[in-house]
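The values are calculated or read from the model by the stated rules, or taken from the named source; none is laboratory data. Here the structure is a predicted model, which is why all the values come from computation and not from measurement. No Cβ is skipped: glycine too gets one built from the backbone with ideal geometry, and neighbour counts run over all protein chains shown. Surface accessibility is based on the protein's heavy atoms, side chains included, excluding ligands, DNA and RNA. Shrake-Rupley method; radii C 1.70, N 1.55, O 1.52, S 1.80 Å.
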Amino acid sequence: MSTPLVQLDQVRFGYGDHDILSDLSLTVQRGQVVAIMGGSGSGKTTLLRLIGGQLRARAGRVLVDGADVGGMNETALYDMRRKLGMLFQFGALFTDLSVFDNVAFPLRERAKLPESIIRDLVLMKLHAVGLRGAANLMPFELSGGMARRVALARAIALDPMLMLYDEPFTGLDPISLATIGQLIRELNDALGAASIVVTHDVAESLSLVDYVYFMADGKVIAQGTPDEVRASDHPFVKQFINGEPDGPLPFHKPAAPYAQELGLEIVRA
Amino acid sequence: MRERFIAFFSGLGHPFTGALIKLGFATRFFLALLRHSPMAFIRFRLTIREIWFAGVLSVLIIAVSGLFIGMVLALQGYDTLVRFGASSSLGILVALSLVRELGPVVGALLFASRAGSAITAEIGLMKAAEQLSAMEMMAVNPMARVIAPRFWGGVISMPLLAAMFSVMGIFGGYLVGVQLLGLDPGNFWSQMQGTVDLRFDVMNGVIKSVFFGIAVSLIAVFEGFDAPPTPEGVSGATTRTVVTSALVILGLDVILTAFMFRGI
Ligand SMILES: Nc1ncnc2c1ncn2[C@@H]1O[C@H](COP(=O)(O)OP(=O)(O)OP(=O)(O)O)[C@@H](O)[C@H]1O
Ligand SMILES: [Mg+2]
């Protein structure tokens, strides 16, 4: 078996004093589409930034295509990112460029192509996300779902070897959702690439992906193929798939007791 | 009690260490900026775009302010010179004040508030909207693609704007001195030409404006890049650009003028 495209090995990371990720290990092989699921604030976006080298792990190793991202200097890091495409959670379109120029941006910056070929490529990518008709609009003229689809077109513009999608399905209607899901799969298979999809959309992703990781408390707490996940009796997985409010996954971020914070309860020393 | 004591005294030093840390960060930022500067010249179109936004769009305010300042200089100068029977030297007074001092300094102050603040706000908002982050992930370095062209656009624009300020000011002085107060135009121009020295007056003014251009542009791009990614963060950074620029311009002016002082 060839080296995995992405491998995280006991990664620890935190922004402030306490760790968001404490002991995270996962593997993504070439050709795989892998879903990462976990509660809000469990560190999924953080995980993608670690893979992209925007954050550095405090301990453990992040390997992309066999190379340790944490040990890279700036030049090596930018070379590694040439293999990446990332869809940001909030799109992050360039607001001073039109939709067309946004999608053309990576092509113009990184590939020395004649303008006529760039034009064709951009229109192809926009067509794939169903927004060829929006090519001349500015980002502020787009709806939230449209902006995310443009961002998706921009992320796949250079046919990257590794795609990172941060919640590609939020804000999409059911029709676009199915189409985008299919696009992610087809793109991955056509390029022989690997994709990591961070998502909350259980139904869509289970029909789409090859493997699922569940994250909680800074660790992978459950994993498996979609069939294994459906059959799982792991309490966390069951709660997540069925969307039950009570279970091992708390809805609330840890805080002082509610009644006490509202001043309804006398605190006894 | 003891903890409070320690907290109080370490709190005293905090503004100082905070400023020192920021200064260190700014220095590293400047070095990285220089390292990524070649792109701003290889793809000079990027820099030209910034010269347009920072420089060309500042022309109007610079020209009008220069004209007004020149007119006021002529009015005030005439009032003084005429008491010594030296009103024919008005041209010299106006030209020297502008070329050596007011062109570079007032020009830079206006440039900081017109263009510097805009640069800071733009970069800060790009950062807040994760646009710089997205660029990094596309393997496009924002330092080379966004920061360096804006910096060099400002550095190139500043001396040109200062020169324009001085020219418009001299024209304003001419309007007031010759057209309004009735001085002899031949005298006005020939005295000016005879006295203003290219090496010591004009060049020194240009050197000042180059220094101011570097200072204002660096402050503007740094504050934008360093801004907390929130609306308050960006608004605070914009204010800091204008305030810090003004202080740095005036402080640098004292130092540069002292170096250029010949004492004759
Ligand atoms: N820049 C930052 N500085 C400090 N803390 C941060 C920062 N970004 C995220 N965090 C914290 O890290 C934790 C994980 O954040 P992250 O954005 O990775 O969550 P997520 O899993 O992507 O959540 P969501 O599903 O809501 O997008 C959160 O508790 C958040 O408060
Ligand atoms: Mg997230």
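GNM remark for chain B: springs join alpha carbons under 10 Å apart, and the peak mean-square fluctuation among B:LEU93, B:LEU160, B:LEU20 falls on B:LEU20. Here the Debye sum runs over all C-alpha atoms of the protein assembly as shown as equal scatterers in vacuum, and log10 of I(q)/I(0) at q = 0.06, 0.08, 0.10, 0.12 Å⁻¹ comes out as -0.43, -0.68, -0.92, -1.14. When the accessible area of each residue in segment A:78-112 is compared between its chain alone and the complete protein assembly (1.4 Å probe; ligands, DNA and RNA ignored), which residues differ by at least 30 Å², being lower in the assembly? Output list: A:TYR78, A:ARG81, A:PHE88, A:ALA92, A:PHE94, A:ASP96, A:PHE105, A:GLU109, A:ARG110.
Here is the size of segment A:83-216 from its Cα atoms: Rg then Dmax, 14.3, 48 Å. For segment B:112-218, the calculated P(r), taken from all Cα-Cα distances in 5 Å bins from zero up to the bin holding the longest distance, is 2, 10, 15, 15, 12, 11, 9, 8, 6, 5, 4, 3, 1, 0 percent. Past 32 Å, Cα to Cα, is the threshold; run A:LYS125/B:LYS127; B:LYS22/B:LYS208; A:LYS83/B:LYS127; A:LYS44/A:LYS83; A:LYS125/B:LYS22 against it and keep the listed order. Listed pairs above 32 Å: A:LYS125/B:LYS22.
The C-alpha atoms of chain B define a longest principal axis, and helix B:148-174 lies at about 20 degrees to it. Measuring nothing but how far apart in sequence close Cα pairs (under 8 Å, 6+ apart) lie, relative to its length, chain B scores a relative contact order of 31 percent.
Only protein heavy atoms count here, probed at 1.4 Å, and on that basis chains B and A bury about 1800 Å² of accessible area in total. Amide hydrogen proximity for A:LEU55: with H placed 1.01 Å from N in the peptide plane, the residues at 5 or more positions away or on another chain lying under 5 Å are A:LEU50. If I fit a long axis through the Cα atoms of helix B:231-260 and take the longest principal axis of the Cα atoms of chain B, what angle between them do I get, 0 to 90°, rounded to 10? That helix lies at roughly 50 degrees to the long axis. Across B:LEU23, B:LEU256, the residue with the most accessible area heads the list, and the full order at a 1.4 Å probe is B:LEU23, B:LEU256. The Cα atoms of chain B cover 70, 55, 32 Å along the three principal axes, with the biggest extent listed first. Put simply, the Cα atoms of chain A extend 73, 42, 38 Å along their principal axes, the longest span coming first.
Comparing A:LEU84, A:LEU164, A:LEU121 in a Gaussian network model of chain A (Cα springs below 10 Å), the most mobile by mean-square fluctuation is A:LEU121. Looking at segment A:37-54, which residues lose a minimum of 20 Å² of accessible area between their chain alone and all protein chains in place, measuring with a 1.4 Å probe and not counting ligands or nucleic acids? Residues losing area: A:ARG49, A:GLN54. Entry note, chain A: relative contact order of 24 percent, from Cα contacts under 8 Å with a spacing of 6+ residues. A:ILE117 sits with roughly 70 Å² accessible to a 1.4 Å probe, with DNA, RNA and ligands left out of the calculation. Taken residue by residue and averaged, Cβ atoms of other chains lying within 10 Å of the Cβ of B:137-147 number 6. Heavy atoms of the protein chains alone define the surface here; on that basis the protein assembly as shown has 49 Å² accessible area per residue at 1.4 Å probe size. Shape summary of segment A:1-52, radius of gyration then Dmax from alpha carbon positions: 12.0, 39 Å. Dipole magnitude for the protein assembly as shown: computed about the Cα centre from +1 point charges on Lys and Arg Cβ and -1 point charges on Asp and Glu Cβ, it is near 1340 debye. Can you say what percent of the DSSP beta bridges in the protein assembly as shown, counting only those with both residues inside, are antiparallel? Round to 5. Counting DSSP beta bridges with both partners in the protein assembly as shown, the antiparallel share is about 45 percent.
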